[in-house]
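Readers should treat all values here as calculations from the given coordinates under stated rules, not as data from a laboratory. Since we're looking at a predicted model, the values are computed, not measured. Cβ: placed from backbone, ideal geometry, glycine included. Neighbour counts: every protein chain shown.
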Amino acid sequence: MNNKILKITTTAIFIIIFVVFYKALQDTNIYTPKKKSNNEIPLFTANLFYSNKQINSSELFKLDKFYLLNIWSSWCVPCRTEHPLLMDLTKNKKIEIIGLNYKDKKNNAENFLNELGNPYQEIIFDKEGINAIEWGAFGVPESFLINNGIVIKKYIGPLNKELVEEIRLLIK
Amino acid sequence: MLLSVIGHYSLVAGLCVGLIIIFFSIKNFQISEHLDAKILSFTFLQFILVSLSFLCLVFSFVFSDFSNETVFNNSHTTKPLFYKISGTWGNHEGSLLLWLLVLTLFIFLFLVKTKKQPVKYKILTLLFQQIIIIGFFIFLIQTSNPFNYIYPTPEEGLGLNPILQDPALAIHPPILYLGYVGSSIIFSSALAATCLNIVSKKWASHIKKWVLISWIFLTLGILLGSIWAYYELGWGGFWFWDPVENVSLMPWLALTTLLHCILVLEKKQILTSWVIILSISTFTLSMCGTFLVRSGILNSVHTFANDPGRGLFILVFLFSLILISLFVFFFFHKSTQNELNNFSWLSKETSIIINNWFMMYFLSVVLIGTVYPIFLDVLSSQKISVGPPFYHKLIVPFLIPFLLAMAIGPKLKWVKSNLEDKFSLILLLIISVLISFFILKIFEANFLINTILISSAAYLFFITFRDFFIKKFNNISQNIAHFGFSLLILSILFNSLFSSEIITNLKVGETFEDLNTKIILKSIEQKEEKNFKSIIANFNIENSKGIIENLSPELRIYNQPNIVTSEADIKTTMMSDKFIVINVVQNQDYFNVRYQVKPFMLWIWLSVLLISFGGLLSLFKKNYE
Amino acid sequence: MKILKLFFIIFFIFSFNHLGANTDDMKIKITKNLRCLICQGQSVYDSDSEFANSMKVLVDKKLNEGFSEKQIYDFFKEKYGEWILYDPELNKNTYILWLLPILIFLIGGAIVVKNFKIRK
């Protein structure tokens, strides 16, 4: 009697383990960190790229518009491919693009913008990369769609045509 | 291209032969008392066909036959010959072919070398093993064929990741697989023995050499992996409790426990159920490991998408094997009610039971730590990491009683023991405590737990050392293996307590100086090698006594694939290693320099070799008797 | 006797946590506990990637601002989730993780003791 219970329990445990592993295989393999319940934009102070002034996060995102925070650097190859799309997006009056220049040298970054154009209303100069961490980013490029102080969507990796379309729809 | 054709069709032929073997085995089992010679020949043929296939793959790599998709993905014409060859198993498909090669070899050897066991047992073992082999054949041919054809034939391959081009990593898979496959033989034969109800002293003696062979190779395989990590990966560590590492450690823990139990079963008819369970578990854990690592289920942020089809196959295969084993165990195993359990609490049997208790605990810690994140993610979509702190906290305190048991256990007699020479045992314990106390005092390391930990390890050290001289060659293999283990723990402890590190940024000509060390970056050289460009930084490192050493770490910029690797320069002496790496800092003109002094690294490697050597001695002692 | 052993074990586990107030040691301890999110299994301390270096700078900054160890961990957990920490904290998600091995140890002990009691 005792024995039978043991056999059934053991088999049941293994079946459960199998099901768990099976489901785990189905899940997406790319990890996107789930932000905690509040998707508010972080509060921080940063240096501006051109003027070197310090600025508060509240000042940057104060207007009742959509903002796209784009993390980029001159040494980042995928940033080059997404840049023309950003230039395109500037034509849309509903959205402003704020840049975060990540761990870069000023002249290299300026050359990059001279070559490919400057879509950014403002640029944050994040020499050490700590502002990016405030946003919960871990690489380049990453972009955040913001409205009313809330992060609506986070994009890891370079933007492409479909994602930009999605952004256009979201900001209507 | 011809090579691919031969390679592929040899595999298909091998699969057919495998099925034929099953057919004839079933017939033989029902009919006769003698092993049909046909079976032996077909098993040999199966092995030959797989070897042929394997050789075709090797030659495809050597001749850079890029019409073969696997070769294209993993090789390059400029790779040195040694790494072209080892590139054969440095990828998913090739490594599976290597698995199959060893599987077919071992079952053939098993049939040939097993002489004094009943024929039905040999056939059943063969049958169970063939299930595994057929599974691998199908997996290989259907989802991971190393002979896929691409057209048009590319001019050049994609190359092998340079951090994999290392001698230790080249032989790490074959050695490790020998261990895993050995455990598959144990699995099959344990199931066979259960069916026939012959799990006994005689069977234990017979299977012991397979357990030893498997165990020795698994130990060496893990050692090679750690050595590679230390020399190649550049952070000066050798074990990180990474899932891939844990996955090789788990079968090792089960196998070591099994080894100890077999030693008991050899002498008396007890623990039979447990031995069967361990035999099943060891191979299950090996397969589980294969699943976890190749299915893409365990990953960090930047993993490429693994083929979920492959993962699913291994999962289903693995659980089919588990179900079969459960069925065999529950249905066929009759636990003998009156197993001779008449040993006192102070006896060798008890100490082995205690060993089992602790080993299973350690195994559960590693297993739970490794798979828990998966369960949590599936059941509640939360992602957590389980890293070194978890394992340290749960394992280290329990090492203390474990080490003490290792010291006393072997001295106990079977059945009942009045502990002889109690006086010297206690004396050695006091000496160990005092020595560890003074060592920690002198070097100003704190922590109560370290004192106790070092004392226990030192105690084991002294006891086994003393036993070596007193008992001469009685049980020398166990003595050496336990001595090796104590040395391993001591080396790891001293290494972690007394390592030091300096991290700084330097340009050419700059100096870093602190109380004990002066580091000067003297010069930078650039060189062009066959498949990479190299930047060598020459350092002078002066210690507090004024002795200067030259160390030259290197940065390598590979062209195919486009990767920069950092090659540490390591000066090894008996007492410590001096380890230095440099790294490029993005957008800056200085280098990030890491200099570490790591005591007793060499002893960590040597102690593991000693442990394997103990196992090896046991193997030869058996043959001698 | 078993309870005494258990007490010692728990005592030792917690004796791990006292560390000197030395900031450098604390920085090393924290960065060893933080996971480098773009590496294949390395701590921030061991890694030299851009992300890891930025993290190190930020940890330094927070320590200088007077954040405690727990506050720093909470800060990073808020940005990246629980999985940035290598030492799984004891909360409702991880009770099973920490307690299951201990439970297994105790069950093992019970089996061992039962084995001897049977034969008496």
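Rounded to the nearest Hz, the phi-derived 3J(HN,Hα) couplings of region B:164-177 under the Karplus curve 6.51 cos²θ - 1.76 cosθ + 1.60 (θ = phi - 60°) are 8, 8, 9, x, 5, 6, 5, 9, 4, x, x, 5, 4, 5, where x marks glycine and proline.
The fraction of all Cα pairs in region B:183-315 landing in successive 10 Å bins from 0 to the largest distance is 12, 35, 29, 18, 6, 0, given as whole percents. For chain B, the 222 nm mean residue ellipticity estimated from helices alone, with every DSSP H stretch of n ≥ 4 adding -39500 (n - 2.57) and the total spread over all residues, rounds to -22000 deg cm²/dmol. Computed from label points 7 Å out along Cα-Cβ, the spacing between B:Leu515 and B:Leu81 is 5.4 nm.
Working note: Debye formula, equal point scatterers on the alpha-carbon atoms of region B:1-95, no solvent; log10 I(q)/I(0) at q = 0.14, 0.17, 0.23, 0.24 Å⁻¹ is -0.58, -0.72, -1.04, -1.10. Rg over Rh for region B:200-274 works out to 1.15, both radii taken from alpha-carbon positions and Rh defined as the Kirkwood radius. Over chain A, dividing the summed -39,500 (n - 2.57) contributions of all DSSP H runs of at least 4 residues by the number of residues returns a 222 nm mean residue ellipticity of -12000 deg cm²/dmol. Phi-derived couplings, Karplus 6.51 cos²θ - 1.76 cosθ + 1.60 at θ = phi - 60°, listed residue by residue for region B:196-209: 8, 6, 10, 6, 8, 4, 5, 5, 4, 4, 5, 7, 4, 5 Hz, with x used for Gly and Pro. Summarising the label geometry, the points placed 7 Å from Cα in the beta-carbon direction at A:Asp88 and B:Thr572 lie 5.6 nm from one another. One chain, two ends: B:Ile171 and B:Tyr149. Fully extended at 0.36 nm per residue, the span grows by 5.2 nm beyond their Cα-Cα distance. Annotation: average projected area of region B:243-402 is 11.4 square nanometres, based on the convex hull of Cα atoms across all directions.
Placing unit charges on the Cβ atoms only, positive for Lys and Arg and negative for Asp and Glu, gives the protein assembly as shown a dipole magnitude near 3980 debye about its Cα centre. What shape does region B:125-212 take by its C-alpha gyration tensor, where a ≥ b ≥ c are the square roots of the eigenvalues and a/c under 1.5 counts as rounded, a/b above b/c as prolate, and the rest as oblate? Oblate is the answer for region B:125-212, as a/c is 1.5 or above yet b/c matches or exceeds a/b.
Rounded to the nearest 0.05, what FRET efficiency do B:Lys201 and B:Ile6 have when you use their Cβ-Cβ distance and R0 = 51 Å?
0.60
The modelled label-to-label distance for the pair B:Ser273/C:Val113, using points 7 Å beyond Cα in the direction of Cβ, is 2.0 nm. Taking every Cα-Cα distance in region B:402-553 and sorting them into 10 Å bins starting at zero, the pair-distance distribution P(r) comes out as 9, 26, 20, 17, 16, 9, 3, 0 percent. Normalised by 2.2 N^0.38 Å, with N the number of residues, the alpha-carbon radius of gyration of region B:521-616 equals 1.35.
With R₀ fixed at 30 Å, the C-beta to C-beta distance from B:His34 to B:Val316 puts the FRET efficiency at about 0.25.
All alpha carbon pair distances within region B:66-143 were sorted into 10 Å bins beginning at 0; the resulting P(r) in whole percents reads 16, 36, 24, 16, 7, 0.
The eigenvalues of the Cα gyration tensor, multiplied by 5 and square-rooted, give region A:54-172 an equivalent ellipsoid with semi-axes of 20, 17, 13 Å from largest to smallest. Entry for the protein assembly as shown at q = 0.05, 0.07, 0.11 Å⁻¹: log10 I(q)/I(0) = -0.33, -0.66, -1.53, Debye formula applied to identical alpha-carbon scatterers, no solvent contribution.
Which shape class applies to chain B: rounded if a/c is under 1.5, otherwise prolate when a/b exceeds b/c and oblate if not, where a ≥ b ≥ c are the square roots of the Cα gyration tensor eigenvalues? Since a/c reaches 1.5 but b/c is at least a/b, the shape of chain B is classed as oblate.
Take peptide C:88-99, look around each residue's Cβ out to 10 angstrom, count Cβ atoms belonging to other protein chains, and average those counts.
Working: counts 10, 1, 0, 1, 2, 6, 6, 0, 4, 10, 6, 1.
Average per residue, whole number: 4.
Using Cα centres only, tell me the gap between region B:481-523 and region B:457-479 in whole Å. That distance is 32 Å. When the alpha-carbon atoms of region B:497-562 are used, the pair Rg, Dmax equals 14.7, 45 angstrom. Note on B:Leu609 and B:Ser381: with the Förster distance fixed at 45 Å, the Cβ-Cβ geometry gives a FRET efficiency of about 0.50.
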